[in-house]
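Following: one structure in structure tokens, then a few remarks.
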Amino acid sequence: MDTSNKVAFFIDFAEPEYSLGLIEGARAFFKKQGMEMIIFETGNINSPSKTYGYQRLSIASLISANTVSGMIFVSGPQLYNTTPEYLDSYLKSFAPIKIVSIGYDFPEYPCVISSCKKSMKELVEHLVLKHSCKKIALLTVNSHANDVQLRTEIYRQVMKEQNLEENIIFANNLGYVQTVEALKEVNSKSCKFDAIVCMNDEMACACIDTLKSAGIAVPKKVIVTGFGDEMRSSCITPSLTTINQNIYKQGYAAAKMLYDQIKGNPVPHKKVIESTVIYRESCRCISGDMKRGLYLDSKGSLHESELKDVSLYEVSKWFTNRNHFIRITQLYTNMQADISLTALSHRTRDDFTSFGIQSAALCFFKNPVATDKFEYFSLPQEAYVFMAYDNTAEKAVYYDESRITFNPNKTLLPDGLISDYENVQVVAIYKGTILYGYALYKRGPYDPTIYSISFKMLSSTIANAFATTKVLREVELAKTVSVTDEMTGLLNRRGFMTLGKDMLMDSLKKGKGGIILFGDIDGLKKINDTYGHSSGDKAIRAEAAILKEIFGKECTVGRLGGDEFAVIAPKLTEEKFVALYKKIKEKCKEYNKSSGEEFTLSISIGCVPFGKKTSSSLHTLLSLADKELYKEKEKHYAEKA
């Protein structure tokens, strides 16, 4: 795969207008340079969500020097769920590719930053000085995100300068529903604020709707402002006063910085893009009697929205989206039927083409992978092309015609299946804890949300197809997943918990005891951050080989995920384990002397017994062993100190 003209665009979600603006700006620059930008929609890093969205992050492992020459990393939205330090450490794993950050200034990477210092100050002062507002609330979220903290700081600064009292309302996140929840206190017939400054346009729209439902007129009684200048800002009633971040310019500037890095040209560490205030009806600067789509800039000059007829746009958009959702409903109905993988590979092309997708590929891992929440996903060594087509080049490959296999660590897709990667988007294909692989596709003219829904439905259909065709060993989906960890050859979590429970119950029924061990490799995160994930993988394989050698076939040994290992050892006592533990440490030392690796391999292990008087739950015993592991870790680090 030729990487010289390919770059990655790492974004949490591709549907929001913020994302679309950045993508459009970056793509415009790269297109001029003859380069292809591949969009990786990864979801949230370190997401607090209890659902299975963490699987989206698996596709980040496809970004390497084998697939691209550089990466634009949209850091701002990621900071709503994690810290800058965590992200900084995460980015180191992509070395040696070039990186540019949008939204946060990391010390080691060039960045594009949107500055709202002037515009945010101007907006809040405008409410005080122009509209005589005295009770101004800030509607925001608790976040590490630099832009959120900066806007909050500016709000507080202006309120202090104007000798006004701060009023801060916190929502759980920046979404519509959560904003409505945060504003329940104003659902009475009165509101103690005369202006509410919202952290984004979504919150502002929720705020306006909530106030209206409470019988509070906007902007007559309460002024509402947003941030972001989304398309709907000029369409809603009243039209929204907001701040435009010049998102397109941010994407374009980031692309230029990455291009210059790749070409070895001088690159400034930071490029600052100034935001601008857009004054509309929701702050009373534009009268509702005036023509729709008008706004004022900071100098008081009157402008007309790019949407020449806002009302027509609203109606047209509604009918377009209505038709799109009718189509997606029809697709959902079609996908409910049981279908084999062979039939699915042929039908998928027809379904995709009907939604304007002119080229796409579905790549499945040799065996679907059962996962728990992860920071970094170790890609299997083998995948195959389930289906690929390119209508412009009249190419197509199907599941039943030829099994094209490849190593996803080396390339995104075998050469020749799609004509180019311009405008290609990559998404994970998963259902629940089962990760099947990933899809590449060129988005068509439909709303981005339609494609997001389509691939979620496709994932469910693929899960059903695996069960229907009995591709692996059993009809049921649960049994189509390999019980072996591909990296180490040990049992994976699924295999360990399934077979381990059987071994544990068998021992207890026979009146025999034993021990449960739970361990993890010391400092694996530091190994990954310092020497790269390839070194981390070597450490995992080496430790697995040692455990396999020490415990042999009479014990159940598994890798539960990441750096975690577990062992069920019937007949073994805690006293006997002490000697084995010393042997494991000696084997690690031998590896460190002979391997030639820069890192130091060691493992800490917690041990608990099982028998007639203990719990028979494997989950409970592992939890107790984990607590013993924690004590062992403390001892390990105390010895190092």
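Against the condition part of a loop (DSSP other than H, G, I, E, B) and not small (Gly, Ala, Ser), how does Asp88 come out, does it pass? Step through it out loud before you land on a result.
Numbers: part of a loop (DSSP other than H, G, I, E, B): no; not small (Gly, Ala, Ser): yes.
No, not satisfied.
Only strands (runs of 3 or more DSSP E) wholly contained in the stretch 372-433 count here; list those with 3 or more residues that are aromatic (Phe, Trp, Tyr). Spell out the reasoning first.
On the way: elements: 383-390, 395-398, 424-431.
In the stretch 372-433, 383-390 are the strands (runs of 3 or more DSSP E) which contain 3 or more residues that are aromatic (Phe, Trp, Tyr).
State all residues of the stretch 620-632 that are within 32 Å of the chain's Cα centre (by Cα) and either without any contact (Cβ under 8 Å) to a residue 40 or more places away in the chain or farther than 20 Å from Phe565 by Cα (or both); if no residue qualifies, say none. The answer is Thr620, Ser623, Lys627, Tyr630. Suppose we keep only residues that are open to solvent by less than 30 Å² (accessible area, probe 1.4 Å) and within 17 Å of the chain's Cα centre (by Cα) within the stretch 390-433. Which one would you say is farthest from Phe466 (Cα to Cα)? Across the stretch 390-433, the extreme among qualifying residues is Gln425.
Quick check, is Thr67 in a loop (DSSP other than H, G, I, E, B), without any contact (Cβ under 8 Å) to a residue 12 or more places away in the chain and within 26 Å of Tyr436 (Cα to Cα)? Answer is no for this residue. Screening the stretch 252-272 for residues that are part of a helix (DSSP H, G or I), within 20 Å of Ala95 (Cβ to Cβ) and in contact (Cβ under 8 Å) with a residue 24 or more places away in the chain and picking the one that is nearest to the chain's Cα centre (by Cα) gives Ala254.
For the stretch 525-561, residues that are touching an Asp or Glu at 6+ places or on another chain (Cβ under 7 Å) and surrounded by fewer than 21 Cβ atoms within 10 Å (Cβ to Cβ) total 4. If the condition is being open to solvent by 30 Å² or more (accessible area, probe 1.4 Å) and either over 20 Å from Tyr376 (Cβ atoms) or under 9 Å from the mean Cα position of the chain (by Cα) (or both), then the stretch 52-67 contributes only Arg56. If you scan the stretch 128-155, which residues turn out to be closer than 23 Å to Thr83 by Cα and basic (Lys, Arg)? Scanning the stretch 128-155 gives a single hit, Arg151.
Let me confirm something: among Ser114, Ser101, Ser93, Ser119, which residue is crowded, with 21+ Cβ neighbours inside 10 Å and under 21 Å from the mean Cα position of the chain (by Cα)? Please lay out each step first, then the result.
On the way: Ser114 fails: under 21 Å from the mean Cα position of the chain (by Cα); Ser93 fails: crowded, with 21+ Cβ neighbours inside 10 Å; Ser119 fails: under 21 Å from the mean Cα position of the chain (by Cα).
Result: Ser101 is the single residue among Ser114, Ser101, Ser93, Ser119 that is crowded, with 21+ Cβ neighbours inside 10 Å and under 21 Å from the mean Cα position of the chain (by Cα).
Here Tyr259 passes the criteria (1) open to solvent by 10 Å² or more (accessible area, probe 1.4 Å); (2) modelled with pLDDT under 95 except the one numbered (2).
So that you can scan it fast, the table gives a plain yes or no per residue for (1) farther than 21 Å from Ile39 by Cβ; (2) open to solvent by 50 Å² or more (accessible area, probe 1.4 Å); (3) modelled with pLDDT of 80 or more:
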site: Leu435; (1), (2), (3): no, no, yes
site: Asp447; (1), (2), (3): no, no, no
site: Tyr451; (1), (2), (3): no, no, yes
site: Ala465; (1), (2), (3): yes, no, no
site: Glu474; (1), (2), (3): yes, yes, no
site: Asp485; (1), (2), (3): yes, no, yes
site: Thr488; (1), (2), (3): yes, no, yes
site: Asn492; (1), (2), (3): yes, no, yes
site: Phe496; (1), (2), (3): yes, no, yes
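When Gln162, Gln178 are checked against the criterion of being farther than 24 Å from His126 by Cα, free of Cβ contacts under 8 Å to residues at least 60 places away in the same chain and open to solvent by less than 80 Å² (accessible area, probe 1.4 Å), a single residue qualifies: Gln178.
Output the qualifying pairs, or none if there are none: Cβ atoms under 9 angstrom, residues six or more apart or on different chains, first residue in the stretch 282-308 and at negative phi and at pLDDT 90 or above, second residue open to solvent by 30 Å² or more (accessible area, probe 1.4 Å) and among the basic types (Lys, Arg). Short answer, once both residue conditions are applied: Cys283/Lys130; Cys285/Lys130; Ser298/Lys118. Take Ile223 and decide whether it is over 17 Å from Val148 (Cα atoms) and either in contact (Cβ under 8 Å) with a residue 12 or more places away in the chain or open to solvent by less than 40 Å² (accessible area, probe 1.4 Å) (or both). Against the criterion (over 17 Å from Val148 (Cα atoms) and either in contact (Cβ under 8 Å) with a residue 12 or more places away in the chain or open to solvent by less than 40 Å² (accessible area, probe 1.4 Å) (or both)), Ile223 qualifies.
Within the stretch 553-610, how many residues are in a strand (DSSP E or B), in contact with a strand residue (DSSP E or B) (Cβ under 7 Å, 6 or more places away or on another chain), of a type outside the set (Ser, Thr, Tyr) and closer than 20 Å to Ser535 by Cα? Walk me through it before giving the result.
Applying the first criterion (in a strand (DSSP E or B)) to the stretch 553-610 yields 556-561, 564-570, 603-610.
Checking the rest, the ones that are also in contact with a strand residue (DSSP E or B) (Cβ under 7 Å, 6 or more places away or on another chain) come to 556-560, 564-570, 603-610.
If we keep only those that are of a type outside the set (Ser, Thr, Tyr) as well, we get 557-560, 564-570, 603, 605-610.
With the extra rule that they be closer than 20 Å to Ser535 by Cα, the set shrinks to 559-560, 564-565, 603.
Total satisfying the criteria: 5.
Of the residues Phe565, Phe577, which is crowded, with 21+ Cβ neighbours inside 10 Å and modelled with pLDDT of 90 or more? The match here is Phe565.
The values are calculated or read from the model by the stated rules, or taken from the named source; none is laboratory data. Quick caveat, the model's predicted, so the values are computed rather than measured. We place every Cβ from the backbone using ideal geometry, glycine too, and count neighbours over all the protein chains shown. The protein model used for the area step is the full one, side chains on, heavy atoms only, and it has no ligands, DNA or RNA in it. Shrake-Rupley method; radii C 1.70, N 1.55, O 1.52, S 1.80 Å.
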